[in-house]
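The values are calculated or read from the model by the stated rules, or taken from the named source; none is laboratory data. Everything numeric here is computed off the predicted structure, so don't read it as measured data. Backbone-built Cβ (ideal geometry, glycine too); neighbour counts: all protein chains shown. We work out accessible area using only protein heavy atoms, side chains counted, and drop any ligands, DNA or RNA first. Shrake-Rupley method; radii C 1.70, N 1.55, O 1.52, S 1.80 Å.
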Amino acid sequence: MATTDQEVNELIKKGYEHGFVTEIEADTFEPGLNEDVIARLSQIKGEPEWMLEWRLKAYRRWLEMDEPDWAHVGYPKIDYNAISYYSAPKRKEDMPQSLDEVDPELLKTYEKLGIPLHEREKLAGVAVDAVFDSVSVATTFKEPLAKAGVVFCSISEAIRDYPELVQKYLGSVVPQGDNFFAALNSAVFSDGTFVYVPKGVRCPMELSTYFRINAANTGQFERTLIIAEDSSYVSYLEGCTAPMRDENQLHAAVVELVALDDAQIKYSTVQNWYPGDENGKGGIYNFVTKRGACIGRNSKISWTQVETGSAVTWKYPSCVLRGENSVGEFYSVALTNNFQQADTGTKMVHLGKNTRSTIISKGISAGKSSNAYRGLVKFGPGAEGARNFTQCDSLLIGDRCAAHTFPYIESKNKSAIVEHEATTSKVSDEQMFLCRQRGIDPEQAVSMIVNGFCKEVFKELPMEFAVEAGKLLEVSLEGSVG
Amino acid sequence: MLSIKNLHASVEGKEILKGINLEVKAGEVHAIMGPNGSGKSTLSQVLAGNEAYEVTGGEITLNGKNLLEQETEERAREGIFLAFQYPVEIPGVSNLQFLRTAVNAMRTHRGEPEINAAEFMKLAKEVSKQVDLDPAFLKRGVNEGFSGGEKKRNEIMQALLLQPKLAILDETDSGLDIDALKVVSDGVNALRSEDRAILMVTHYQRLLNHIVPDHVHVLAGGRIIKSGGRELALELEERGYGWLGIRDEDTANETGQ
Ligand SMILES: Nc1ncnc2c1ncn2[C@@H]1O[C@H](COP(=O)(O)OP(=O)(O)O)[C@@H](O)[C@H]1O
Ligand SMILES: [Mg+2]
């Protein structure tokens with residue numbers, strides 16, 4: 001989780017090594033997207049020819065596609081030429097020189113989250129360390145990982161150092177033309193994470209990454225690829241934050257997971273992109289494609305996510321269950337407050353025999369927000385004996401918010417079994433009165449009730465993330481009472 | 001300790017309490033009796049500050065402080081405890097967590113340090129045994145899937161943990177079998193102390209065989225129409241509410257609910 005100063009510096013140096021010193025110091029690309037911009041991006045990153053070709057192919061695909069409008073969200077049309085597609089760390093003199101220059105609201109949030117002071121400085125973009133937008137991911141614990149044979153590095157490094165693996169798997173789970181945002185990401189992804197766990201290896205530690213959007217008017221397009229070879233195991237955590245800005249910012253990530261025979265991947269997210277202010281101004285547009293392929297027999301992929309941030313979220317972490325007996329899981333807490341909009345859920349695509357999936361979704365709406373669950377459970381003709389269990393619970397706080405559930409089931413195999421449970425409840429006046437009668441503050445009461453509602457999902461999170469997730473809910477719910 | 005003067009309250013525009021007067025001193029146990037619908041729960045809820053009920057007139061003071069100016073949670077921290085007639089469930093929030101949060105809210109209010117999880121666990125286990133609840137209940141969601149009797153015992157357990165100044169027990173005896181009634185009564189008797197007052201709200205007199213009250217009041221039509229000592233409860237048992245000229249459909253086929 002910690003991004004050490006030394007590693008950050010090393011990453012910057014890597015950029016220097018590749019001879020684009022002035023480019024990197026000169027920070028951000030002019031807004032706009034065309035083939036030249038992509039070529040420049042690829043050049044700065046020192047990418048091989050095949051990578052540039054791949055990007056350009058995706059870009060041409062994207063030009064022919066239309067932005068999806070089927071999600072239960074509304075936002076003004078995005079001008080893709082008003083966005084900058086590359087932003088390197090700013091020079092120190094351009095950053096706030098101390099915490100005194102940082103938005104106090106933002107600092108309050110960090111304080112409540114219990115983030116240590118030096119981390120807060122980093123997160124707030126104080127010039128003590130480099131802060132990354134497009135240039136990503138300082139990784140920790142490289143040594144013990146290397147001993148185990150686990151590769152954990154930025155995707156840019158992987159393109160240079162493990163080209164065969166990247167060429168084999170990049171786009172194998174989420175094809176370039178999968179959807180509008182995936183195509184855009186394939187063309188302009190700036191960085192991201194690469195994980196490779198060799199056969200029979202149980203990754204000796206939780207791998208974690210903090211993503212952050214800092215620069216204004218910059219899109220963030222990270223790309224993550226995780227490959228778990230036969231009988232391997234890995235648990236990966238990502239945390240996301242962004243500073244408060246009045247403009248909306250675009251985040252369009254792609255995550256691909258590949259699990260081979262008997263392999264397991266556990267992917268956890270705590271997402272707290274800036275949601276906009278209490279009047280709905282600003283905030284991140286979060287349009288993300290996350291998909292895992294259980295290619296191998298008995299393989300397993302679990303998605304656990306706690307999403308409290310972003311102005312608009314469009315996100316459906318999915319599993320394609322190809323291998324016999326493979327298992328897909330989706331545990332989700334999505335909280336919206338004020339004017340936030342979320343359309344999120346999952347797809348479980350059962351192709352192999354006896355494949356199983358579990359979906360536990362907890363949606364919480366407060367303020368004037370709108371929260372939709374959209375789930376697809378699909379059984380192919382070969383999904384003999386496949387099963388899905390879906391539980392979809394919504395909790396409303398106040399009476400100006402909305403919750404929607406859109407479950408879709410498609411089955412081409414008669415032996416497949418689906419169980420679906422859905423509930424909608426409210427934080428009731430009686431529950432609030434009980435808590436307050438016992439001396440508990442109304443805000444604390446709501447947070448406690450909401451945490452209780454999310455318990456089944458939180459217990460899937462790694463320990464330290466569970467604590468953080470609980471606190472995040474508390475912060476995100478502020479002002480939702482009274 | 002508690003002083004109620006000419007209290008009027010209404011719910012959804014309908015006046016339920018029509019001028020209640022009551023004085024309760026520290027160390028005393030008062031029983032409020034009355035047929036269903038007479039306003040007993042309304043009185044309890046109003047004392048605890050439930051905003052669903054509107055106070056339209058009168059005064060309530062606790063140790064000289066004006067209660068009507070205080071929010072529900074402030075009243076609770078000043079020592080008012082209400083054992084609910086129908087305790088509500090809070091799914092997923094463990095009883096233990098709920099109670100520790102409550103106890104710590106009170107402690108913080110008194111300027112005392114918070115109690116840590118381990119210490120509280122020990123304390124809660126002891127108290128749960130006192131009301132004959134398996135400590136396993138501490139790990140379950142607040143009232144989640146509890147039987148009627150278990151909910152009532154859980155309420156008394158909370159009173160024992162929170163050590164209030166004024167405990168209001170709303171029909172804590174209803175729905176209990178003989179054994180459970182004994183356990184709950186023992187719990188309430190354990191609460192009795194010189195610096196605490198207890199307001200027992202009940203339809204039936206049977207609880208009063210176990211918890212002997214100092215004063216008995218009969219509430220009917222939103223007013224206290226008669227007050228007396230212990231003997232008033234016994235008389236009510238013998239002669240029914242009809243004796244006081246009150247209609248009460250329930251007393252005719254009394255089953256103890
Ligand atoms: N929340 C409420 N909404 C509407 N009417 C209510 C409400 N609570 C109580 N009442 C009415 O107030 C009267 C007194 O009720 P209550 O105080 O519960 O009596 P008791 O506890 O003595 O049985 C009844 O007529 C009841 O229907
Ligand atoms: Mg009642």
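Only residues that are within 14 Å of chain A (Cβ to nearest Cβ) and buried (at least 21 other Cβ atoms within 10 Å of the Cβ): list them for the range B:54-72, please.
B:Leu67, B:Thr72
Determine which member of the set A:Ile359, A:Ile449, A:Ile409 is at pLDDT 90 or above, surrounded by fewer than 22 Cβ atoms within 10 Å (Cβ to Cβ) and among the hydrophobic types (A, V, I, L, M, F, W, C).
Just a single option satisfies the conditions, and that option is A:Ile409.
Looking at the range B:91-140, which of its residues are within 11 Å of another protein chain (Cβ to nearest Cβ), basic (Lys, Arg) and more than 26 Å from A:Glu456 (Cα to Cα)?
Hits for the range B:91-140 are B:Arg107, B:Arg110.
Which residues, counting only those in the range B:187-213, are more than 16 Å from ligand 2 (Cβ to nearest atom) and either within 14 Å of chain A (Cβ to nearest Cβ) or in contact with a Ser or Thr (Cβ under 8 Å, 6 or more places away or on another chain) (or both)?
Hits for the range B:187-213 are B:Val188, B:Leu208, B:His210, B:Ile211.
Considering the range A:55-78 alone, what residues qualify as being at pLDDT 90 or above and in a loop (DSSP other than H, G, I, E, B)?
If the condition is that a residue be at pLDDT 90 or above and in a loop (DSSP other than H, G, I, E, B), then A:Glu64, A:Met65 are the ones that fit.
Taking the residues in the range A:304-323 that are open to solvent by less than 10 Å² (accessible area, probe 1.4 Å), in a loop (DSSP other than H, G, I, E, B) and at pLDDT 90 or above as candidates, determine which candidate is nearest to A:Pro68 (Cα to Cα).
That would be A:Pro317.
Inside the range A:370-482, counting only strands (runs of 3 or more DSSP E) that do not spill past its ends, which hold 2 or more residues that are among the β-branched types (Val, Ile, Thr) and within 14 Å of another protein chain (Cβ to nearest Cβ)?
It comes to A:417-426.
Mind counting the residues in the range A:192-205 that are on the phi > 0 side of the Ramachandran plot and crowded, with 23+ Cβ neighbours inside 10 Å?
So the count comes out to 1.
Would you pick out the residues in the range B:25-73 that are basic (Lys, Arg) and within 15 Å of ligand 1 (Cβ to nearest atom)?
Correct list: B:Lys40 only.
Criterion first (among the aliphatic types (A, V, I, L, M) and within 24 Å of A:Gln220 (Cβ to Cβ)) does A:Val349 satisfy it?
So A:Val349 does not fit the description; no.
Find all pairs meeting these conditions: Cβ atoms under 8 angstrom apart; at least six residues apart or on different chains; first residue within the range B:164-180 and within 16 Å of ligand 2 (Cβ to nearest atom) and in a strand (DSSP E or B); second residue small (Gly, Ala, Ser) and open to solvent by 10 Å² or more (accessible area, probe 1.4 Å).
Matching pairs, first to second residue: B:Asp170/B:Ser41.
Out of the range B:31-64, which residues are in contact (Cβ under 8 Å) with a residue 12 or more places away in the chain and more than 16 Å from ligand 2 (Cβ to nearest atom)?
Residues satisfying the conditions are B:Gly49, B:Glu51, B:Glu54, B:Val55, B:Thr56, B:Gly57, B:Gly58, B:Glu59, B:Ile60, B:Thr61, B:Leu62, B:Asn63.
Hey, does the range B:9-24 have a residue that's within 14 Å of chain A (Cβ to nearest Cβ), within 15 Å of ligand 1 (Cβ to nearest atom) and without any contact (Cβ under 8 Å) to a residue 40 or more places away in the chain?
The answer is yes, given that some residue of the range B:9-24 is within 14 Å of chain A (Cβ to nearest Cβ), within 15 Å of ligand 1 (Cβ to nearest atom) and without any contact (Cβ under 8 Å) to a residue 40 or more places away in the chain.
A quick yes/no check of all residues on (1) loosely packed, with under 15 Cβ neighbours inside 10 Å; (2) part of a strand (DSSP E or B):
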position	(1), (2)
B:Ser185	no, no
B:Ser193	yes, no
B:Leu199	no, yes
B:Val216	no, yes
B:Leu219	no, yes
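Within 14 Å of another protein chain (Cβ to nearest Cβ), surrounded by 17 or more Cβ atoms within 10 Å (Cβ to Cβ) and more than 30 Å from B:Ala117 (Cα to Cα): does that describe B:Leu82?
no
Against the conditions (1) touching a strand residue (DSSP E or B) at 6+ places or on another chain (Cβ under 6 Å); (2) surrounded by fewer than 22 Cβ atoms within 10 Å (Cβ to Cβ); (3) modelled with pLDDT under 90, where does A:Ala216 fall short? Just the number, please.
(1)
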